[in-house]
Amino acid sequence: QVQLVESGGGLVQPGGSLRLSCVASGFTFSNYAMTWVRQAPGKGLEWVSNINTGGGNTDYADSVKGRFTVSRDNAKNTLYLQMNSLKPEDTAVYYCAPRNYRYWGQGTQVTVSS
């Protein structure tokens with residue numbers, strides 16, 4: 001039974017920070033490169049970040065580069081997204097998935113507003 005459970009979202013003021021988590025189960029997490037994507041209200045999916053299996057290689061969308069950091073703890077089957085210097089345009093539902101997008105969780109809502 002594959003599960004991906006995102007958490008850590010919430011309401012934050014512009015310039016603030018949040019740390020998202022994604023706990024995986026039902027597959028061999030350490031064998032999969034992972035990705036974060038997001039969906040803003042009324043808009044399509046936007047890729048945010050990738051991380052390789054060991055965590056040593058990462059990529060970011062231009063819109064978040066320098067502000068977000070993706071990491072993973074394979075011993076805990078957990079993927080993270082540290083989000084700093086948040087902007088209103090970061091408001092979205094954030095999802096984690098393996099790079100092949102085979103599995104999805106329910107996402108976690110991030111709202112950046114004054």
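The values are calculated or read from the model by the stated rules, or taken from the named source; none is laboratory data. No experiment lies behind these values; they were computed from the predicted model shown. Quick reminder, even Gly has a Cβ in these numbers, built from the backbone with ideal geometry, and neighbours come from all protein chains shown. Protein only, heavy atoms only, side chains kept; ligands, DNA and RNA dropped before computing areas. Shrake-Rupley method; radii C 1.70, N 1.55, O 1.52, S 1.80 Å.
Give me the lysines in straight-line cross-link reach of K87: C-alpha distance below 26 Å, same-chain residues under 8 apart excluded.
Qualifying lysines at Cα under 26 Å: K43, K65.
Residues of the chain: accessible area per residue at 1.4 Å, in Å²? Spell out each step's value before the answer.
Working: 5840 Å² over 114 residues.
It amounts to 51 Å² per residue over the chain.
Starting from 0.36 nm per residue, how many nanometres of slack lie between D59 and S25 once their C-alpha separation is accounted for? Don't jump to the answer; show the numbers that get you there.
On the way: separation 34, 0.36 × 34 = 12.24 nm, distance 2.38 nm.
The D59-S25 span can extend by a further 9.9 nm.
Go ahead and run the numbers for FRET between L11 and R102, Cβ-Cβ distance against an R0 of 22 Å, rounding to 0.05.
On the way: r = 31 Å, r/R0 = 1.42.
After rounding to 0.05, the efficiency reads 0.10.
Give me the accessible area of R19, 1.4 Å probe, in Å² rounded to the nearest 10.
Surface open to solvent at R19 totals about 110 Å².
Ranked highest first by the average count of other Cβ atoms within 10 Å around their residues, in what order do 1-9, 73-81, 41-49 fall? Please report the intermediate quantities before stating the final value.
Details: 1-9: 15.4, 73-81: 17.2, 41-49: 12.8.
Most protected by this proxy first, the peptides run 73-81, 1-9, 41-49.
At a 1.4 Å probe radius, carbon and sulfur cover how many percent of the accessible area of the stretch 1-109? Each step should come with its number before you reach the end.
On the way: 2490 of 5600 Å².
Accessible surface attributable to carbon and sulfur in the stretch 1-109 totals 44 percent.
Using +1 on the beta carbon of Lys and Arg, -1 on that of Asp and Glu, and nothing else charged, what's the dipole of the chain about the Cα centre, debye to 20?
Numbers: 10 positive and 7 negative charges, 20 e Å.
Dipole of the chain, to the nearest 20 debye: 100 debye.
I want to check the label-to-label distance for L45 and S71. Put each point 7 Å from Cα in the C-beta direction and report it in nm to one decimal.
Modelled inter-label distance: 2.7 nm.
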